[in-house]
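All remarks here apply to the structure that follows.
The values are calculated or read from the model by the stated rules, or taken from the named source; none is laboratory data. Since we're looking at a predicted model, the values are computed, not measured. Positions of Cβ are generated from backbone atoms using ideal geometry, with glycine treated the same way; all protein chains shown enter the neighbour counts. Surface areas here come from the heavy atoms of the whole protein model, side chains and all, with no ligands, DNA or RNA. Shrake-Rupley method; radii C 1.70, N 1.55, O 1.52, S 1.80 Å.
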Amino acid sequence: MEPEDFSNFLKRISSESLHVLDTSIPKTSYVPIDLSQTNEALNLVDVSSSLKFEIFVNEYLTKHKAQVAYGGYLEVRTIYKRSQHFNSQSKEERNIHFGIDLWCKAETPIYAPLESTIHSFKNNTNYGDYGPTIILKHNISGIEFYTLYGHLSLESIQGLQVGQSFKQGDKIATLGDASVNGDYPPHLHFQIIKDTQGFKGDYPGVSSKQDLEFYKVNCPNPDLLLKLEN
C-alpha cells in the first residue's frame, strides 16, 4: 500500500475522533503545546529535571484551563540532548519526534482506540526511554497496523499476554510518573506503526534527519486517528 493510500485508510477508519484517553474529557479541554527547539519559553526550563519540566507543563495546562496538552508529531526537540539514549548509536542527532504526546496526570487511564490484540510489551528502562510500553496490533478490513503506547505505569504491563484481545474502548493501561516512565512529566506517547520491523515492546519514536523520510512513511501522523486538530 502506498504511503498516501495508508494515510487515507487511517483517516477513513472513523469520521469521529478515536480516543486513547477518557471520552468524558471534551476536546475543549485539550490544548496544543509547542515543545520544539524554537519555543523560547521552553529554552528557559531545565528539562534535565523532570520536576522542573513537569512544573512547566502543569503551569501551561493551568494557564489554558486544560486537562491535556498535546502535540509533537515531526517536532524538532532539544529535550533529548539530556539523554545519551538518543545519540549513542547514531552518527546524526536523533531529535525529530514522530508520535503525538498527550501530557496529563499520572495514573490517567489509557484506552484502546480500536479493536486490537497485544503484539508485545516491555519495560524500556534506559534514561529518557519509554519506560513500560505496550504495542497493539490492529486488523481493519484486512489491513494490519500497530499502535504504540509509551510512558505507562509498571502495573500496566503486569499480567499481560501476547495475543490478548481488547475491544474498542477497553482500558489497557495507566500513565506512569517520572520514577518509571523514563524520567519525564507524565504523558502518553502514542504512535502509529505500519511495520514493526521485528521490534517487540519498543520501536523508535525519535529520528535523525537522515532517517526521517522512512519514519514519516512507516509512522504516519497519529492525528489521522485522534483528529484533535479537526
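Observations, loosely collected:
- Filter result (in contact (Cβ under 8 Å) with a residue 60 or more places away in the chain and hydrophobic (A, V, I, L, M, F, W, C)) within the stretch 160-185: ILE172, ALA173, LEU175, ALA178
- Count of the stretch 20-58 residues which are in contact (Cβ under 8 Å) with a residue 24 or more places away in the chain, among the β-branched types (Val, Ile, Thr) and closer than 27 Å to ALA112 by Cβ: 6
- Of residues in the stretch 168-180 being of a type in the set (Gly, Ala, Ser) and in contact with a strand residue (DSSP E or B) (Cβ under 7 Å, 6 or more places away or on another chain), the one surrounded by the fewest Cβ atoms within 10 Å (Cβ to Cβ): GLY169
- All positions within the stretch 1-16 that are open to solvent by 30 Å² or more (accessible area, probe 1.4 Å) and not hydrophobic (A, V, I, L, M, F, W, C): GLU2, PRO3, GLU4, ASP5, SER7, ASN8, LYS11, ARG12, SER15, GLU16
- Take the conditions (1) out of contact with any Ser or Thr (no Cβ under 9 Å at 6 or more places or on another chain); (2) over 21 Å from SER49 (Cβ atoms); (3) hydrophobic (A, V, I, L, M, F, W, C); ILE110 misses just one of them, which is (1).
- Only one of the numbered conditions (1) over 12 Å from ALA112 (Cα atoms); (2) hydrophobic (A, V, I, L, M, F, W, C); (3) under 15 Å from the mean Cα position of the chain (by Cα) is violated by ALA178, and that is (3).
- VAL68 being crowded, with 18+ Cβ neighbours inside 10 Å, touching a Ser or Thr at 6+ places or on another chain (Cβ under 8 Å) and not basic (Lys, Arg): yes
- Test for SER165: is it open to solvent by less than 10 Å² (accessible area, probe 1.4 Å), polar (S, T, N, Q) and more than 16 Å from the chain's Cα centre (by Cα): no
- Scanning the stretch 1-41 for residues that are over 20 Å from the mean Cα position of the chain (by Cα), farther than 23 Å from ILE193 by Cα and assigned to a helix (DSSP H, G or I) yields THR28, GLU40, ALA41.
- Where ASP183 falls short, out of the listed (1) under 27 Å from ASN58 (Cα atoms); (2) open to solvent by 10 Å² or more (accessible area, probe 1.4 Å); (3) at pLDDT 95 or above: (3)
- Boolean, ASP195 is under 27 Å from SER50 (Cβ atoms) and open to solvent by 20 Å² or more (accessible area, probe 1.4 Å): no
- Residues of the stretch 36-80 that are touching a helix residue (DSSP H, G or I) at 6+ places or on another chain (Cβ under 6 Å) and modelled with pLDDT under 95: VAL45, ASP46, VAL47, SER48, TYR80.
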